[in-house]
Amino acid sequence: PAAPQVQMLETLSLVKSVVLDFAEKVDKLRVYAYLNSAAAGNLVAIKDMIDKGLPVDSMDYDKRTGLMLACHEGHTRVVRYLLEKGADASLVDNFGNTAMFEAVREGKDECVHIMREFTAELGVAGITLAAQLCNCITRTAISMGSTAT
């Protein structure tokens with residue numbers, strides 16, 4: 001009598017493992033759909049996903065959030081919506097960047113203004129900021145045809 005119960009428990013354990021693996025894959029797909037929507041500025045899709053319970057601060061393997069991607073791309077309506085929904089503007093990705101830093105680095109002034117309305121800060125170490133400012137100046141000089149750096 002004990003052998004069938006052990007076999008049943010082993011089978012249940014296997015089923016549980018398969019279900020958990022599947023759920024994890026579905027969660028990852030939902031997060032990537034959300035992040036892609038943020039990067040594309042698809043506010044309708046973002047609202048739908050958040051309304052269905054996806055956490056507003058969901059992030060990818062580099063700890064990049066929808067707010068960071070929306071700021072990087074300059075999607076002001078998405079930025080405002082995510083902040084209104086409680087997105088944490090102080091989160092830092094694996095590269096040491098915040099959403100505000102993305103907006104500043106990419107020259108997305110309107111996103112910067114929206115972020116400031118919600119008291120977001122740059123949140124970047126001085127040395128990182130200095131390096132990024134130098135990169136911005138160099139890129140601007142190159143795009144303007146200047147050879148001076």
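Since every read-out is calculated from the coordinates, none of them should be taken as a lab result. Small disclaimer: the values here were computed from a predicted structure and weren't measured. We place every Cβ from the backbone using ideal geometry, glycine too, and count neighbours over all the protein chains shown.
Restricted to region 92-113, and to residues that are in contact with a Leu (Cβ under 7 Å, 6 or more places away or on another chain) and not hydroxyl-bearing (S, T, Y), which residue is surrounded by the fewest Cβ atoms within 10 Å (Cβ to Cβ)?
So, considering only residues that are in contact with a Leu (Cβ under 7 Å, 6 or more places away or on another chain) and not hydroxyl-bearing (S, T, Y), the one surrounded by the fewest Cβ atoms within 10 Å (Cβ to Cβ) is V104.
Quick check on my filter: what residues within region 59-91 are farther than 17 Å from A45 by Cβ and either free of Cβ contacts under 8 Å to residues at least 12 places away in the same chain or surrounded by fewer than 16 Cβ atoms within 10 Å (Cβ to Cβ) (or both)?
Passing the criteria: Y61, D62, K63, G86, D88, S90.
Which residue pairs have Cβ atoms under 8 Å apart, sit 6 or more places apart or on different chains, and have a first residue in region 24-41 that is without any contact (Cβ under 8 Å) to a residue 40 or more places away in the chain and under 10 Å from T65 (Cα atoms) and a second that is of a type in the set (S, T, Y) and surrounded by 15 or more Cβ atoms within 10 Å (Cβ to Cβ)?
V31/S58; Y34/S58; L35/S58; L35/T65
Can you give me the ranges of the helices (runs of 4 or more DSSP H) entirely in region 19-125 with at least 2 residues that are out of contact with any Ser or Thr (no Cβ under 8 Å at 6 or more places or on another chain), over 27 Å from T138 (Cβ atoms) and not aromatic (F, W, Y)?
43-51, 76-84
Condition first: exposed (fewer than 15 other Cβ atoms within 10 Å of the Cβ) and charged (D, E, K, R). Now tell me which residues in region 24-48 satisfy that.
E24, K25, D27, K28, K47, D48
Is it the case that D51 is more than 11 Å from the chain's Cα centre (by Cα) and surrounded by fewer than 18 Cβ atoms within 10 Å (Cβ to Cβ)?
Considered against the rule, which asks whether it is more than 11 Å from the chain's Cα centre (by Cα) and surrounded by fewer than 18 Cβ atoms within 10 Å (Cβ to Cβ), D51 comes out as yes.
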